[in-house]
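A quick write-up on the structure given underneath.
The values are calculated or read from the model by the stated rules, or taken from the named source; none is laboratory data. This one's a predicted model, so the numbers in the text were calculated from it and none came from an experiment. Counting neighbours? That spans all protein chains shown, and the Cβs are built from the backbone with ideal geometry, glycine included.
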Amino acid sequence: MYFYDSRGYGDFFNMGEYSRKGYEPVRKKISIFDTTLRDGEQTPGVSFSMKEKYEIAMKLNDAGVNIIEAGFPAVSHDELTTVKRINYDLNNTCSLARCNRNDIDKVIESNSSIIHLFIATSDIHMQYKLKMSGDQVFDRITDSVEYARSHGLRVIFSPEDATRSNMDFMEKIIGAIDVDTVNFPDTIGIMNPMSMYYFIKRIKEFTNKKISVHCHNDFGMATANTLAGIMADADEVQVTINGIGERAGNASLEEVVSSIYGFSDSYTDIKMEKLYSISRYVSEASGIIPQKNKAITGENAFSHEAGIHVQGIINNPKTYEAINPEIFGAKRRIVIGKHSGRAAIKYILENKGIYKTEDEINNILKIIKNENKTVDDEYLLQVVNNE
Ligand code: KIV
Ligand code: ZN
């Protein structure tokens, strides 16, 4: 299988003939914009300390993230100080601001070189949240972009709630502003992969500007929708570690980057082997432990218990693993429980230098099956010693 990457990541994926069919392939580098420190911190109940934010920013940078959204400086004095501290050591950061001069001034004070300006453009948000007309929103955007640019900032503009906004209105806005990137947020996660693909294709009919997508996970579609955006030729994706973020969260960086390699001909600057340890760090700092069966970073993502599966994995891991966990710096786990077979017991014991006859293995397995639950290595050894 061919992957457009010189680092040999393709060898870690075990895809099928149809995995990469069904769309017009695009081959290019996808820029990874991480918003763990901003949208991720908006997860209800999450608040990172300054030290944690600094550590996360350094780890993201080390892993090859192209743009790190360091925070929202207008939120508080502490937030501004933290963003400033991160900016002292990194120059690939971005800061969020609403379309008003006070917020923009805070970003300037934070020394970020990139500003992420946003304002809602959907009718429902303009009427009930902003209480502004479309013309007022339009003027606010053009004024804010000009102000930010006149202070030397690179601008990413997001029409908030883009996927419920009027397309003609967005075309008018995008045609009127001079920005580096337009980011399209699916703010309440109401797209599906087909509609997202169509949406981005539709936008590309009227602009050549760099396009980014920002997908929320309200229907569990965030990663799939982000990938659909890429398949429709988006240039950048906004993601978070472990998929943390408002409500059901954002598209997860580790899932999106893996999907880029698994399903598309595109590639990224991400060093995949760093992702598992970053996931663990963010999990500890945020207190949000990825659900056990979450792809890539969940505890069970590379665990196998059922006898038939374990036998296959022992013979050749490609039988039951779509991705080799080593690419993320993670390890596969053979779990012993009521679904286990002889091969798993034999494999674990022999890895510990313990060799048993077939009859002995059968007895050990019988005892464990009677337990009717998953057992750890310590318990297994206790059973072996009692045998
Ligand atoms: O989901 C959203 O609309 C956002 C914007 C601030 C980009 O996070
Ligand atoms: Zn968001």
How do the pairs read when you match residues in the stretch 38-50 that are of a type in the set (Val, Ile, Thr) with residues anywhere that are more than 13 Å from ligand 2 (Cβ to nearest atom) and part of a loop (DSSP other than H, G, I, E, B), using Cβ under 9 Å and keeping only pairs 6 or more apart or on different chains? 43/288; 46/287; 46/288
I need every pair where a residue in the stretch 174-201 that is within 12 Å of residue 158 (Cβ to Cβ) and in contact (Cβ under 8 Å) with a residue 24 or more places away in the chain has its Cβ under 6 Å from the Cβ of a residue that is in a loop (DSSP other than H, G, I, E, B) and more than 12 Å from ligand 1 (Cβ to nearest atom), sequence separation at least 6 or different chains. 174/207; 182/209
Taking the conditions exactly as written (out of contact with any strand residue (DSSP E or B) (no Cβ under 7 Å at 6 or more places or on another chain), more than 16 Å from ligand 2 (Cβ to nearest atom) and under 19 Å from residue 203 (Cα atoms)), does residue 175 satisfy them or not? yes
So which residues in the stretch 349-381 are modelled with pLDDT under 90 and touching a helix residue (DSSP H, G or I) at 6+ places or on another chain (Cβ under 9 Å), if there are any at all? 371, 375, 377, 379
Evaluation of residue 248 against (1) of a type in the set (A, V, I, L, M); (2) away from ligand 1 (no atom under 13 Å from the Cβ); (3) surrounded by fewer than 24 Cβ atoms within 10 Å (Cβ to Cβ) (one fails), failing number: (2)
Only one of 240, 223 is within 21 Å of residue 34 (Cα to Cα), within 13 Å of ligand 1 (Cβ to nearest atom), within 17 Å of the chain's Cα centre (by Cα) and of a type in the set (Ser, Thr, Tyr), namely 240
Matching helices (runs of 4 or more DSSP H) fully within the stretch 58-169 where at least 2 residues are under 23 Å from the mean Cα position of the chain (by Cα) and not aromatic (Phe, Trp, Tyr): 77-89
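Which ones in the stretch 202-243 are β-branched (Val, Ile, Thr), under 20 Å from residue 177 (Cα atoms) and either within 14 Å of ligand 2 (Cβ to nearest atom) or crowded, with 24+ Cβ neighbours inside 10 Å (or both)? First the steps, then the outcome.
So the first thing to find is which residues in the stretch 202-243 are β-branched (Val, Ile, Thr), and the list is 203, 207, 211, 213, 223, 226, 230, 237, 239-241.
Now drop any that are not under 20 Å from residue 177 (Cα atoms), which leaves 203, 207, 211, 213.
Within the stretch 202-243, just 213 meets the criteria.
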Matching residues in the stretch 31-46 - criterion: being among the small types (Gly, Ala, Ser) and either surrounded by 18 or more Cβ atoms within 10 Å (Cβ to Cβ) or under 15 Å from residue 256 (Cβ atoms) (or both): 31, 40
Within the stretch 244-259, work out how many residues are out of contact with any Leu (no Cβ under 8 Å at 6 or more places or on another chain) and away from ligand 2 (no atom under 15 Å from the Cβ). 2
May I ask you to list the residues in the stretch 86-129 that are small (Gly, Ala, Ser) and either surrounded by 24 or more Cβ atoms within 10 Å (Cβ to Cβ) or within 30 Å of residue 166 (Cβ to Cβ) (or both)? 95, 97, 110, 112, 120, 122
How many residues does the stretch 273-319 hold that are in a helix (DSSP H, G or I) and farther than 28 Å from residue 44 by Cα? 13
Is at least one residue of the stretch 349-367 surrounded by fewer than 18 Cβ atoms within 10 Å (Cβ to Cβ), in contact (Cβ under 8 Å) with a residue 60 or more places away in the chain and part of a helix (DSSP H, G or I)? no
Among the numbered criteria (1) assigned to a helix (DSSP H, G or I); (2) closer than 22 Å to residue 143 by Cβ; (3) within 16 Å of ligand 1 (Cβ to nearest atom), which single criterion is violated by residue 199? (2)
Any residue at all in the stretch 17-30 that's outside any strand (DSSP E or B), surrounded by 13 or more Cβ atoms within 10 Å (Cβ to Cβ), modelled with pLDDT of 95 or more and within 16 Å of ligand 1 (Cβ to nearest atom)? no
Unmet criterion (only one of (1) within 16 Å of ligand 2 (Cβ to nearest atom); (2) of a type in the set (A, V, I, L, M); (3) not assigned by TED's automatic domain parsing to the domain that holds residue 166) for residue 295: (1)
